[in-house]
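Please read the structure below before turning to the comments.
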Amino acid sequence: MSYQAIIGLEIHPELKTKSKMFCACDNNAVGQKPNTLVCPICLGHPGTLPVPNKQAIEFVLAAGLALNCEINLNSKFDRKNYFYPDLPKGYQISQYDEPLAKNGFLEIDDEKILITRIHLEEDTGKSFHPKGKDETLIDFNRAGTPLMELVTEPVIKDAAQAKKFCQKFQQILRYLEISQADMEKGEMRCEANVSVQKVGTFKYEKGAIKAKAGKKLNNKVEVKNINSFRALEKAINFEIERQTEQLEKKQEIIAETRGWDEKKNETVSQRVKETSADYRYFPEPDIPPLEIDGEWLAHIRASLPELPSKKIERFVREYGLSQEAAEILTADKDFANWSEQVISELNAWIEAHGDEADRQDKKLAKMASNWLSGELMKHLKERNENVNDLKMTAENFAELICLVYQNKINSSAGQTILEFMYNNGGDPTDIMAEMGLEQLDDEAILETTIKKILALHPEQVTQYKKGKLNVLQFFLGKVMAETNGKANPKLAKEILEKLLIA
Ligand code: ZN
Ligand code: MN
């Protein structure tokens with residue numbers, strides 16, 4: 001009997017607004033002492049009134065538009081009632097039946113993953129359980145941080161697709177500059193609803209799964225405590241396997257909430273799943289219903305940045321890059337913008353100096369893309385920096401690519417210059433001159449050098465003449481050593497071939 005996993009995601013990114021969701025407290029708690037960014041409103045004192053944060057609403061509307069949602073022009077807030085020590089009011093202000101955005105989608109590998117809704121709510125405080133002590137400490141600095149919640153339809157088919165969805169969603173949040181959404185830092189939390197069904201027992205109907213006549217669906221399990229993309233993938237795979245084994249043993253799946261245990265690499269039962277009835281939702285009486293102004297929405301739509309999928313498309317079309325190269329360059333918005341400055345510098349250069357062939361095959365743009373995604377990214381990763389930290393300008397970098405392109409330096413000299421520029425900034429042509437890295441392509445000098453080398457190795461020359469052609473590499477190595485790596489490799493190879501046959 002074969003099984004199919006059915007996965008839905010609930011993702012909570014924290015929004016990086018200036019102030020909290022319903023009060024004027026600072027929303028940036030990084031490096032702050034516990035319980036210093038609090039006020040009577042976010043501590044839930046009686047008699048206080050919440051005032052919604054306009055920037056937070058704007059952020060959710062932008063996300064809704066970027067994710068192809070319908071925007072609810074008549075929205076409202078609701079109370080979600082539950083008791084937990086980190087929830088000072090005894091309820092969370094959230095949105096129940098009128099979320100700000102609904103019915104959207106995000107495309108993953110040409111498949112549309114349907115988004116049920118995106119709504120706005122507030123975060124809770126944080127509990128700490130000091131080791132070896134029988135006590136719990138609570139920090140309310142995070143209480144009242146604006147939290148966006150995105151819910152997908154149960155249409156995700158495996159762990160890899162779930163992970164990709166989450167990564168793409170994070171990328172869009174970063175492009176919109178509404179959340180850093182770093183899972184490791186708790187800025188984005190992700191829960192997965194996972195069930196396993198027998199193939200042929202269910203169908204998708206309006207985004208939900210329904211049992212076929214005479215069949216029964218297996219229960220789903222909600223997995224929490226997921227702190228990275230990798231954990232998300234592992235937790236889902238673990239659940240699919242666990243549930244499949246249960247079903248094969250004819251055991252029923254319990255509808256419950258399970259937590260991912262990173263150390264044990266397994267999910268652990270936490271509690272029986274509550275249903276929405278347990279929360280006794282009702283409209284928030286202290287906040288009037290929201291009416292979204294059409295002009296405001298149009299303004300938000302007009303100010304959306306170019307999103308990753310469009311940028312990738314354009315990089316492929318305008319610069320002749322492969323899909324893969326364009327994806328790498330656009331992974332981070334700032335890196336994409338910097339790359340684009342480099343490439344447009346190079347295009348300007350080609351207009352001025354290049355020939356028709358250069359223009360046709362877009363060779364220079366491809367070369368730039370290789371240097372950007374290879375050498376430059378390597379340095380950035382090694383130092384855990386981003387393009388905004390760079391000492392060199394896009395213009396300097398473009399000039400370096402031109403030097404390699406024109407064969408004024410070979411690629412290993414290019415790497416040396418890049419490393420120097422990375423550390424100190426500067427003009428690559430000057431650095432090349434100072435370091436004496438200019439490529440040696442004087443034919444007469446190269447010929448003299450090569451003749452000298454051949455005379456020193458008569459045995460290898462004979463081998464070559466007998467047909468052992470890879471001896472050429474041996475000689476090329478000698479030429480490079482003799483010229484301190486400065487010989488133009490293409491020219492050296494041509495001269496070697498000519499002299500070896502002679
Ligand atoms: Zn406050
Ligand atoms: Mn929520």
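Read-outs: derived from the displayed coordinates by stated rules, not from any lab. All figures in this text were calculated on a predicted structure; none of them were measured in a lab. Don't worry about glycine lacking a Cβ; one is built from the backbone with ideal geometry, like all the others, and counts go over all protein chains shown.
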Take each of the peptides 389-397, 376-384, 14-22, 466-474, average the number of other beta-carbon atoms within 10 Å over its residues, and list them starting from the highest. 14-22, 389-397, 376-384, 466-474
From DSSP H assignment alone, runs of 4+ in the chain each adding -39500 (n - 2.57), the sum over residues rounded to the nearest 500 puts [θ] at 222 nm at -12500 deg cm²/dmol
Environment charge at residue 486 (Cβ cut-off 11 Å; Lys +1, Arg +1, Asp -1, Glu -1): -3
How large is the translational diffusion coefficient of the chain in µm² per second when you combine the Kirkwood radius over alpha carbon pairs with Stokes-Einstein at 10 °C and 1.306 mPa s? 58
log10 I(q)/I(0) for the range 176-298, Debye formula on C-alpha points only (no solvent), q = 0.12, 0.19, 0.23 Å⁻¹, two decimals, reads -0.67, -1.12, -1.29
Based on the alpha carbons, how large is the Rg to Rh ratio for the range 452-494 when Rh follows Kirkwood? 0.97
Let me have the relative contact order for the range 382-433, percent, based on Cα pairs under 8 Å that are six or more residues apart. 44
Using the C-alpha atoms of the range 172-224, what convex hull volume per residue, in cubic angstrom, is computed? 111
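Among 195, 309, rank each residue by its count of other Cβ atoms within 10 Å, from fewest to most, as a rough exposure measure.
In increasing order of surrounding Cβ atoms, one gets 309, 195.
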Along each of the three principal axes of the Cα atoms of the range 416-502, give the extent in whole Å, ordering the values from largest to smallest. 50, 23, 19
Once phi for every residue in the range 60-73 is put through the Karplus expression 6.51 cos²θ - 1.76 cosθ + 1.60 (θ = phi - 60°), the whole-Hz ³J(HN,Hα) values, with Gly and Pro written as x, are 5, 5, 4, 5, x, 5, 5, 9, 6, 8, 7, 9, 7, 6
Which of the peptides 72-83, 329-340, 425-436 is most tightly packed, and how do the rest follow, going by the mean number of other Cβ atoms within 10 Å of each residue? 329-340, 72-83, 425-436
Potential extension, residue 199-residue 83 segment - 0.36 nm per residue separation minus Cα distance: 37.8 nm
Express the C-alpha Rg of the range 111-189 as a ratio against the empirical globular expectation 2.2 N^0.38 Å, rounded to two decimals. 1.38
Can you give the relative contact order of the chain as a percent, counting alpha carbon pairs under 8 Å and 6+ residues apart? 13
Label the range 225-352 by shape, choosing from rounded, prolate and oblate, from the square roots a ≥ b ≥ c of the eigenvalues of the Cα gyration tensor; if a/c is under 1.5 it is rounded, and otherwise prolate applies when a/b is larger than b/c, oblate when it is not. oblate
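Sorted by average packing, counted as other Cβ atoms within 10 angstrom per residue and highest first, what order do 310-321, 451-462 take?
310-321, 451-462
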Any GluC sites (Glu not before Pro) in the range 153-217 that lie in a DSSP loop and have at most 13 other Cβ atoms within 10 Å would be 177, 184
For the table 131/164; 378/493; 80/220; 465/490; 168/333, the rows whose alpha-carbon distance is greater than 24 Å are 131/164; 378/493
Report the full-extension gain for the segment residue 391 to residue 180: residue separation times 0.36 nm, less the Cα-Cα distance, to one decimal in nm. 73.6 nm
Amide N proximity, the range 458-487 versus residue 501 label position 7 Å along Cα-to-Cβ, cut-off under 13 Å: 465
Report, largest value first, the span of the C-alpha coordinates of the range 389-456 along each principal axis, in whole Å. 51, 19, 16
